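Asks: Once you've had a glance at the structure underneath, I'll fire off some questions.
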């Protein structure tokens, strides 16, 4: 049986060297900075510590039980966000894991649609390769009511860039495909009433 807490730890524990790339609502890079993230369990407490390499600033978070709004897939991918949303401001975070590599995004939605996306590349194998263009400008294409950005080959970000109205269901997703055709993905969905929906394999 799928145990979300154990699955999360099995796939996400360790030290992750990362690069955060902040993009505006059009997919154009605004800034990037290196990070180090440590994730471990001690005495039943999951401890995370994020270090911004350039400044040395640290941000820590500890928890014994997973937040009830956290969704964890069987392959270790996860998402965080509110349990319910309005048509306006909300933030979602998503992560997919492939061995010693992770891809994450933090999506911020505002009253006028998509405000910003932070795209995160992380690795437990030094160094992170390949380097992405600087500045990055994500190619995009429409998919039903959504927009898909491609920050690097094989990675797709499913985004809702609409100025949403009451009654609009929405989603944000992250999919990472391998050259062999396999893929890892996580999609966070909200129905027309703004309520969080269970994980599913649907895309778009």
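Asks: Consider residue 106 against the criteria (1) in contact with a strand residue (DSSP E or B) (Cβ under 8 Å, 6 or more places away or on another chain); (2) modelled with pLDDT under 95: it satisfies all of them except one. Which criterion is unmet?
Replies: (2)
Asks: Does region 4-24 include one or more residues that are farther than 24 Å from residue 98 by Cα, at pLDDT 95 or above and more than 17 Å from the chain's Cα centre (by Cα)?
Replies: First pass over region 4-24, keeping only residues farther than 24 Å from residue 98 by Cα: 24.
With at pLDDT 95 or above added as a condition, the list becomes 24.
Next, only the ones that are more than 17 Å from the chain's Cα centre (by Cα) stay: none.
No: zero hits.
Asks: Another question about this same structure. Please go through region 191-204 and give me each residue that is closer than 20 Å to residue 105 by Cβ and either modelled with pLDDT of 95 or more or surrounded by 10 or more Cβ atoms within 10 Å (Cβ to Cβ) (or both), ordered by number.
Replies: Result: 196, 197, 199, 202, 203, 204.
Asks: Can you tell me which residue is surrounded by the fewest Cβ atoms within 10 Å (Cβ to Cβ) among those in region 8-26 that are in contact with a strand residue (DSSP E or B) (Cβ under 7 Å, 6 or more places away or on another chain) and in a helix (DSSP H, G or I)? Reasoning before the result, please.
Replies: If we filter region 8-26 for residues that are in contact with a strand residue (DSSP E or B) (Cβ under 7 Å, 6 or more places away or on another chain), which is where we start, we get 8-9, 11-25.
Cutting the leftovers down to in a helix (DSSP H, G or I) gives us 8-9, 11-12.
Values: 8: 22, 9: 17, 11: 22, 12: 20.
If we take residues in region 8-26 being in contact with a strand residue (DSSP E or B) (Cβ under 7 Å, 6 or more places away or on another chain) and in a helix (DSSP H, G or I), then 9 is surrounded by the fewest Cβ atoms within 10 Å (Cβ to Cβ).
Asks: Further question on the same structure: Of everything in region 84-98, what is under 16 Å from residue 161 (Cα atoms) and over 11 Å from the mean Cα position of the chain (by Cα)? Give them in sequence order.
Replies: Selection gives 85, 86, 87, 88, 89, 90.
Asks: Would it be correct to say that residue 127 is touching a strand residue (DSSP E or B) at 6+ places or on another chain (Cβ under 8 Å) and outside any strand (DSSP E or B)?
Replies: Values: touching a strand residue (DSSP E or B) at 6+ places or on another chain (Cβ under 8 Å): yes; outside any strand (DSSP E or B): yes.
Here the answer is yes, as residue 127 does meet what is asked.
Asks: Which residue out of 133, 151 is surrounded by fewer than 21 Cβ atoms within 10 Å (Cβ to Cβ) and either part of a strand (DSSP E or B) or free of Cβ contacts under 8 Å to residues at least 12 places away in the same chain (or both)?
Replies: Values: 151 fails: surrounded by fewer than 21 Cβ atoms within 10 Å (Cβ to Cβ).
Only one candidate passes the filter, namely 133.
Asks: Further question on the same structure: What about residue 70, is it more than 23 Å from residue 151 (Cβ to Cβ) and within 13 Å of the chain's Cα centre (by Cα)?
Replies: On the way: more than 23 Å from residue 151 (Cβ to Cβ): yes; within 13 Å of the chain's Cα centre (by Cα): yes.
So residue 70 passes the test.
Asks: Moving on. Quick one: how many residues across region 161-190 are under 19 Å from residue 108 (Cβ atoms) and under 14 Å from the mean Cα position of the chain (by Cα)?
Replies: 8
Asks: Can you give me the number of residues within region 101-123 that are loosely packed, with under 15 Cβ neighbours inside 10 Å and closer than 16 Å to residue 185 by Cβ?
Replies: Result for region 101-123: 0.
The values are calculated or read from the model by the stated rules, or taken from the named source; none is laboratory data. Note that the coordinates shown come from a computational prediction; the quantities given were computed from them, not determined experimentally. Note that we place each Cβ from the backbone using ideal geometry, even for glycine, and neighbour counts take in every protein chain shown.
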